[in-house]
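J.: The structure that follows is given in the form of structure tokens.
Just so you know, all these numbers are worked out from the coordinates, no wet-lab data involved. What you see is a predicted model; the values in this text were computed from it and never measured. When we count neighbours, we look across all protein chains shown, and the Cβ atoms used for this are built from the backbone with ideal geometry, even at glycine.
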Amino acid sequence: MKSATIVGAGLVGSLWAVYLSKAGYKVTIVEMRDDLREADISAGKSINLALSVRGWKAFKTVGVDKEIESIAIPMPGRTMHDLEGNLTYQPYGQEGQAIYSVSRAGINCKMMDIAEEYGGATILYNRKCIGADLDNGIVYVENTKTGEKEEIKSDVVFAADGAFSAIRYKAMQKLDRFDYNQRYIEDGYREILLPANEDGSYKLEKNTLHIWPRGRFMLIALPNEDGSFTCTLFMPHENHEYAFDKINTKEEVEHFFKTIFPDFYDLMPNIGDVWEDHPLSSLAIIRCYPWTHGKFALMGDAAHATVPFYGQGMNAGFEDCTVMWELMQKHKEDWPAVFEAYQKERKPEGDAVQDLSLHNYFVMRDYVGDPEFLLQKKFERRIEQLYPDKYMPLYSQVSFSHIKYSEAHTSGMNQDKWVKSVMEQHDVESMMEDGSIDKLIHQIVQEKGAFGRS
């Protein structure tokens, strides 16, 4: 029987196990941690994830989308909270389009269930990867409970073991001419669990992603099924009046929130008491190449870890599964051919999603509360409503389509320049108010035929 080993029982590894099982492989997953499903994990254990079209396609391809729908909360837009507590709502796309909030732990547990039940995979826990023979398909592991060492050999091996992949570090990074770059951004994050009201109801509107944009700081909140919100504060590690290294005592925490996020402090006056419930974490982008060697391939964060500001890290990893699956069919499981095509096709997309993620950090942090930015988004939405076949905003290209990340990035930047130039030439705000904006949009189509695409 054909055999495959997957290193890492996370989101991508668990989903990929279902794909491989569907293709007739006996799948073994090795996981360094204990069984996540047996741990006591609160909803706010880690940054909630935003599931979008690319992720749903990966689920639908192997028929497990209904399983995930049961734990996903739709968010058709985002709600901005300004310093005075005023709220501004921005739809993400057109009517019926939404991204979905899922808890990382919740979806990971569900994916592990699916890997075992639908895929028939065997998951070996507490197996720390200590090395690999890339050419012969061998993973060397150590049982962290007993110290026993094992060799696990299979026809093909997939490293889906995250940003700090042991396979990449222990084996691939030792290869000649292996390119590797690790870049930490200057900001870190800390999570905060905003509990439900005593009656179990939500303290904020449920079906939206909440953002408190404050220039060098940003707080976001995503809903959980139990009425709570997983909140994440992003701000500098150091070198600022308010930075993680300056906020340590209960009094400093309370002063910071009263000053920068007063309406959030009103929701959670005990913030100083729970500040250290979750650890301070760093954010990194990791680029490497090649992604394959011998019988091994990197997938998900192991290949293209990114920062979370476009909500596409998980979706990009799931899209790796979709693409690898399509290439398996195309090349009839000739793995050298599959691997070569996979890394050539996906490497530019991994780079692009990282570029998009960094770009969107500045958008979310600095611009989503800016009147000029809001006007631009409103203008773009109207163009899309009138000419959906000719104009798709960058966010929609990334979150609501299967356009390649690299193509979306290029066309999105071109469109942004074009929209800004139109706004410089015309009083778009007045035209939106008096209803004459449609005439301008129609005129542009008649004269140009398109909107800023190159």
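J.: Taking N as the number of residues in the range 46-149, what is its Cα Rg relative to 2.2 N^0.38 Å?
T.: Against the empirical 2.2 N^0.38 Å value, I get 1.56 for the range 46-149.
J.: State the volume of the convex hull built on the alpha-carbon positions of the range 370-448, expressed per residue in Å³ and rounded to an integer.
T.: 96 Å³
J.: Report, in whole Å, the centroid distance computed from the Cα atoms of the range 364-432 and the range 90-116.
T.: 25 Å
J.: If the cut-off is a Cα-Cα distance under 18 Å, which aspartates and glutamates reach LYS347, setting aside same-chain residues fewer than 8 apart in sequence?
T.: Here the aspartates and glutamates satisfying the reach criterion relative to LYS347 are ASP161, ASP179, ASP301, GLU319, ASP320, GLU326, ASP355, GLU407.
J.: Taking the Cα atoms of the range 256-395, what is the range of coordinates along each of the three principal axes, in descending order and whole Å?
T.: 60, 48, 20 Å, listed from the longest principal axis down.
J.: Taking a 23 Å limit on the Cα-Cα distance, which of the listed pairs LYS377/LYS439; LYS206/LYS390; LYS153/LYS174; LYS26/LYS174 fall beyond it?
T.: LYS206/LYS390; LYS26/LYS174
J.: Using a cut-off of 17 Å between alpha-carbon atoms, which aspartates and glutamates can reach LYS110, once sequence neighbours fewer than 8 places away in the same chain are excluded?
T.: Leaving aside aspartates and glutamates fewer than 8 places away in the same chain, those within reach of LYS110 are GLU31, ASP34, ASP35, GLU38, ASP40, ASP65, GLU67, GLU69, GLU225, ASP226.
J.: Separate question: For the chain, what is Rg from Cα atoms divided by 2.2 N^0.38 Å, rounded to two decimals?
T.: On the way: Rg = 23.1 Å, N = 454, 2.2 N^0.38 = 22.5 Å.
Working it through for the chain, the quotient is 1.03.
J.: A further question on this structure: Sorting check: for 70-79, 271-280, 421-430, 219-228, which peptide has the highest mean count of neighbouring beta carbons within 10 Å, and how do the rest follow? If you can, show how the numbers build up before the last one.
T.: Numbers: 70-79: 17.5, 271-280: 15.6, 421-430: 13.3, 219-228: 21.1.
Descending packing order for the listed peptides: 219-228, 70-79, 271-280, 421-430.
J.: Continuing with this model, one more query. Using 0.36 nm times the number of residues separating SER282 and LYS332, minus their current alpha carbon distance, what extension gain do you get?
T.: This chain segment gains 13.9 nm when fully extended.
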